[in-house]
Structures are given as structure tokens and as C-alpha cells.
Amino acid sequence: GTMAYQWLATLALAVVLVNGIFSSNKCVPVPNNLCAVVYDDGGCNGWKLDIQEGEIMFKWWDPVYYWYRNDIEAVSVRAGCSFTGFDDSSLNGESMTIRAGNKDRHVELNNEDEFEDFDEAIQSIACSCRR
């Protein structure tokens with residue numbers, strides 16, 4: 001009986017640890033119908049916004065998109081897709097591009113030198129996928 005109890009206790013601990021890891025990181029694969037998913041916070045926490053192929057401009061006067069302006073901290077790009085973020089709201093200004101090869105690519109903007117200037121600075125987005 002003791003052996004089984006120890007095994008169950010170990011299993012319970014493992015479940016707690018695994019849940020702890022996953023709860024702090026809500027990143028999931030990008031759904032096939034999307035180009036990318038952008039997040040409010042690192043670890044895919046906070047709000048998320050699904051990005052279809054095409055363009056989005058976060059205008060200050062837009063009642064919905066206004067809230068996402070200058071607030072994106074993390075980006076998941078679907079395999080075969082390319083995400084470009086601009087620091088101005090009409091697909092202009094400085095830009096950075098995250099390309100995903102044969103697998104999804106997740107980027108925490110402030111952790112990568114080439115993207116850190118765009119942490120909470122993205123005002124418009126263009127996203128496209130290979131056919």
C-alpha cells in the first residue's frame with residue numbers, strides 16, 4: 001500500500017508543478033485560420049487579439065482598436081506567416097518583421113534586441129501567410 005501512496009503523492013505533486021508552469025504561460029499554437037495572435041503581456045497573459053491575414057490600424061479614435069494601441073508585448077506568428085508591426089498607425093514609421101518558418105514562432109518583444117523598441121509601441125500591423 002505504501003508504494004502506491006508514494007506514487008500517487010508524486011503524481012499529485014507533478015500535476016501541481018505542471019499546472020504551475022502552464023498557468024504562468026498561456027501560449028498556445030496559433031489557430032490555422034489566423035496569421036498571428038498578439039498579447040498584452042509576456043507569457044501570453046492579459047488580453048489577446050487574433051490577427052487575421054491583412055492589415056490592422058490601431059487609430060486613437062477607434063473605440064475598439066484604440067485599447068490595443070501601444071500595448072502589445074508579445075506576438076505568436078503561425079508557421080509560414082510573416083508579422084510586421086509599425087510604430088505609427090498607418091502602416092508607416094519604423095517597422096519590424098517576425099517571420100515564422102516551418103513552425104510557430106513566439107516572441108516576447110522586450111526580450112529580443114531587434115524587437116525591444118517595439119515593446120508596447122505597435123500602432124499598426126500587416127500580416128501575411130505563404131499559400
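The values are calculated or read from the model by the stated rules, or taken from the named source; none is laboratory data. These numbers come from a predicted model, not from an experiment. Ligands, DNA and RNA are excluded from the accessible area calculation, which covers all protein heavy atoms including side chains. Shrake-Rupley method; radii C 1.70, N 1.55, O 1.52, S 1.80 Å.
Structure data summary
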read-out	value
Evaluation of Cys81 against (1) modelled with pLDDT of 95 or more; (2) open to solvent by 50 Å² or more (accessible area, probe 1.4 Å) (one fails), failing number	(2)
Residue match in the range 41-57 (condition: open to solvent by less than 60 Å² (accessible area, probe 1.4 Å), aromatic (Phe, Trp, Tyr), closer than 25 Å to Asn25 by Cα and modelled with pLDDT under 95)	no
Residues (open to solvent by less than 20 Å² (accessible area, probe 1.4 Å) and of a type in the set (Ser, Thr, Tyr)) located in the range 84-131	Ser89, Ser124
